[in-house]
1. What length, rounded to one decimal in nm, is gained on full extension from residue 260 through to residue 127, with 0.36 nm per residue of separation minus their alpha-carbon distance?
2. What is the set of long-range amide H partners of residue 241 at a cut-off below 5 Å, with H atoms built 1.01 Å from backbone N?
3. Could I have the simple spin-label model distance between residue 366 and residue 4, label points 7 Å from Cα toward Cβ, reported in nm to one decimal?
4. Order 113-125, 191-203 from most to least packed using the mean count of other Cβ atoms within 10 Å.
5. For the pair residue 201/residue 29, report the inter-label distance in nm, with labels modelled 7 Å from Cα in the Cβ direction.
6. To the nearest µm²/s, what D does Stokes-Einstein give for region 149-281 at 10 °C and 1.306 mPa s, using the Kirkwood radius over alpha carbon pairs as Rh?
7. Okay, helix-only estimate at 222 nm for the chain: each DSSP H run of n ≥ 4 adds -39500 (n - 2.57), divide by all residues, round to 500 deg cm²/dmol; what do you get?
8. If I stretch the segment between residue 348 and residue 142 completely, what's the gain in nm (0.36 nm per residue apart, minus their alpha carbon distance), one decimal?
Amino acid sequence: MNTLIGIFLVLGVMILVHEWGHFIVARFFGVRVDVFSIGFGPRLFGFKRGATDYRISALPLGGYVRMAGQDLSEVDSNDVAPTGAPDELMSKPRWQRALISFAGPTVNLIMPLLLLGGFYAIKGLPYPSYLDKPIVLSGLPQTSPLAKAGVADGDVVVSVNDVPTSTWSKANSYLLQAAQDGVLRLKIDHQGTQKVVEIKATDVRETDRVFGNPPIPALVRPVDRGMPASRAGLKRGDLITSVNGKPVRNWFDFYEIITHSNGQVLNTVVKRNGSETNLTIHPVWNKDEEGVSAWRIGVAPEGDWAFKPMTLSASVKEASDETLGASVKLFGVIGRLFSGKLSVRQLRSFVGIAALAGQAVEEGPVDVINMMAMISLNLGILNLLPIPILDGGNILLLTMEGIRRRDFSLAFKERFVQVGLVFLLVFFAYVMYNDVVRLLPIHS
């Protein structure tokens, strides 16, 4: 049920708003729209207003818009590109047809701003709830200036720069100030005895995890199907207590063990429903979306969120910054795909996205909103790629016709679309095959 809800929200709604963008601009330029359908397949019910049949179709996985004159197969001539009736798509100037194609991706690019900005304005900006917890030091690196000053795991940070503080959030803000002010003075409580430790700004900048590991419990969220954790039987809600006999105090302990495993077997003990269960996990060497290789098992920690109230303007700014950052990241992924630094096998098809959407619904509104924003952004940017049959390919074709000041023949346009169709079908089939293989219960 979660997967079905996820498919509808994450894929269906985002595809629907894409088609709505085409619809609005087409009607603005006077193009007759014969069908505006929510869903695909046979018509279930609906109504007709003007020339448009507004319908609900059998498969609620997005929707489509059918404009008059957009189907090249309906044109009789094979040699000349006709203009068609005044309310048909082909009768409109090229720039208008290009804007109609551009409108769908544009709406997808705007949606993350609306989704994230609206969510932040109503609910607040989500942040990890541990930031509101006391700073009980754990997992201090040997290179940490605190460890060098004799501070040990279990000690508590009482104040920073003589200001009483009991949360990670306040301490992190002082860390940022240290890069400017030059020094941090920390009052540390060690088993009832307090002492003051000073940290130089240079030491703060050069040290990772000055306060050690944040108190994120080693509690498992839904695991990636087909990955080692799933194959070993790790489940959501499992609490990792030890690996290869070594106690696991928090999620970062578990993360460090995985990344430094060198592929060795992880004999893992988890607490499940009040009893202990032994699992054997085999890490795999794998790349992430950034192209970074590491030992992985396909699992993440359970999210526990708190929310910071935000004004509307601050919400819009935060949503804009996140959308811009995600766009840059997506272009980086596309670049690594074309350069061969990232394998196509790591991409997700409808099958993989459906599984992720179901997990997002299970996790809650934060994950659902983020997933919807991510899918919308992907639809917007990828549809603008100059590949035949995509909106970007249509814009490219119209641009080329504008440069040569005459239309290509219908035969050329049909071949142009066919090339794109074959390419995408082969591409999607390959990606879907890899998705299915990942989901199969194959044991390594």
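1. Contour length minus the Cα-Cα distance gives 45.1 nm.
2. Here the answer is 269, 270, 271, since their amide H atoms fall under 5 Å of that of residue 241.
3. So the label points at residue 366 and residue 4 sit 2.9 nm apart.
4. Working: 113-125: 19.0, 191-203: 13.0.
By packing density, highest mean first, the sequence is 113-125, 191-203.
5. The answer from the label model is 5.6 nm.
6. Numbers: Rh = 17.2 Å.
Rounded to a whole number, D works out at 92 µm²/s.
7. Values: 13 runs with 193 residues, N = 444.
One gets -14000 deg cm²/dmol as the mean residue ellipticity at 222 nm.
8. Residue separation times 0.36 nm, minus the Cα-Cα distance, leaves 70.2 nm.
The values are calculated or read from the model by the stated rules, or taken from the named source; none is laboratory data. Since the model is a prediction, treat every value here as computed from it, not as a measurement. No Cβ is skipped: glycine too gets one built from the backbone with ideal geometry, and neighbour counts run over all protein chains shown. What goes into the accessible areas is simple: the full protein's heavy atoms, side chains included, and nothing from ligands, DNA or RNA. Shrake-Rupley method; radii C 1.70, N 1.55, O 1.52, S 1.80 Å.
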